[in-house]
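Trainee: Take this structure first; my questions come after.
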Ligand SMILES: [Zn+2]
Ligand SMILES: [Zn+2]
């Protein structure tokens, strides 16, 4: 059994599906923003703040998190382990849907939520094998333990005009945005695409990149969720 699966919780030790989804979002926040802000959770999970507060209380009672009632909550060791487990299952399921079942990219994130919670540790192990141990999900987000792979990929909002790069990653917080994904597919702005930054208009909150000789304009609100790998300037 691969080393990281040794402590994988069995199906009956797992939190409920709802709690697993909270844990996954929390893990992403902790990984990329350094803290889990309760107010942001309501926004991210698209539920009322009162509902979030109630779920958090339950999660603290069951020892997945600490710090309920304060601005930021923290994952316990068990909570983090459960979060890694469901995140890994989510990402492997996305690959299964895309590669094997040929589900279109804009749908795989939502469809994965229906399947990821019931994948047993042995099925997870099988997926890792069949999918050849992928370091990132189809959107380019890192599986737990592969965070170093994405370290040099920077948000488009950090680029300057004239730079060239390869698009690598559409952040988890943009994955649920179907219209954005359809727009990115139509414009070829997906992981693997080569791009050049044409211009950045801070007063307008937009930047324009060029892909395959076609300009693509993005607002800062979504551009910050698209990451690319800088290419060295040509001599
Ligand atoms: Zn889910
Ligand atoms: Zn994904």
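The values are calculated or read from the model by the stated rules, or taken from the named source; none is laboratory data. Because the structure is predicted, anything quoted here is derived from the model rather than measured. Please note: Cβ atoms are built from the backbone with ideal geometry, for glycine as well, and neighbour counts cover all protein chains shown.
Conditions (1) in the same structural domain as residue 135 (by TED's automatic domain parsing); (2) buried (at least 19 other Cβ atoms within 10 Å of the Cβ); (3) within 23 Å of residue 136 (Cα to Cα), marked per residue:
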{"position": "189", "(1), (2), (3)": "no, yes, yes"}
{"position": "204", "(1), (2), (3)": "no, no, no"}
{"position": "212", "(1), (2), (3)": "no, no, no"}
{"position": "218", "(1), (2), (3)": "no, yes, no"}
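Trainee: Right, here's the next one. Of all residues in the stretch 142-174, count the ones that are part of a loop (DSSP other than H, G, I, E, B), touching a helix residue (DSSP H, G or I) at 6+ places or on another chain (Cβ under 8 Å) and in contact (Cβ under 8 Å) with a residue 60 or more places away in the chain. Don't jump to the end; show me each part of the working.
Mentor: Looking only at the stretch 142-174, we keep the residues that are part of a loop (DSSP other than H, G, I, E, B), and these are 143-146, 151-152, 159-163, 171.
Remaining after also requiring touching a helix residue (DSSP H, G or I) at 6+ places or on another chain (Cβ under 8 Å): 143-145, 171.
In the following step, the residues that additionally are in contact (Cβ under 8 Å) with a residue 60 or more places away in the chain were identified as 144-145, 171.
Residues in the stretch 142-174 being part of a loop (DSSP other than H, G, I, E, B), touching a helix residue (DSSP H, G or I) at 6+ places or on another chain (Cβ under 8 Å) and in contact (Cβ under 8 Å) with a residue 60 or more places away in the chain: 3 in total.
Trainee: Give the residues of the stretch 166-184 that are more than 10 Å from ligand 2 (Cβ to nearest atom) and buried (at least 23 other Cβ atoms within 10 Å of the Cβ), sorted by residue number.
Mentor: 167, 184, listed by residue number.
Trainee: Just wondering, is there one or more residues in the stretch 80-88 that are within 26 Å of residue 170 (Cα to Cα), more than 20 Å from the chain's Cα centre (by Cα) and away from ligand 1 (no atom under 16 Å from the Cβ)?
Mentor: To start, the set of residues in the stretch 80-88 that are within 26 Å of residue 170 (Cα to Cα) comprises 80-88.
Going one step further and asking which of them are more than 20 Å from the chain's Cα centre (by Cα), we end up with none.
No, that holds for no residue.
Trainee: Could you please let me know if residue 231 is surrounded by fewer than 16 Cβ atoms within 10 Å (Cβ to Cβ) and either touching a residue at least 12 places away in the same chain (Cβ under 8 Å) or within 13 Å of ligand 2 (Cβ to nearest atom) (or both)?
Mentor: Numbers: surrounded by fewer than 16 Cβ atoms within 10 Å (Cβ to Cβ): yes; either touching a residue at least 12 places away in the same chain (Cβ under 8 Å) or within 13 Å of ligand 2 (Cβ to nearest atom) (or both): yes.
So residue 231 fits the description; yes.
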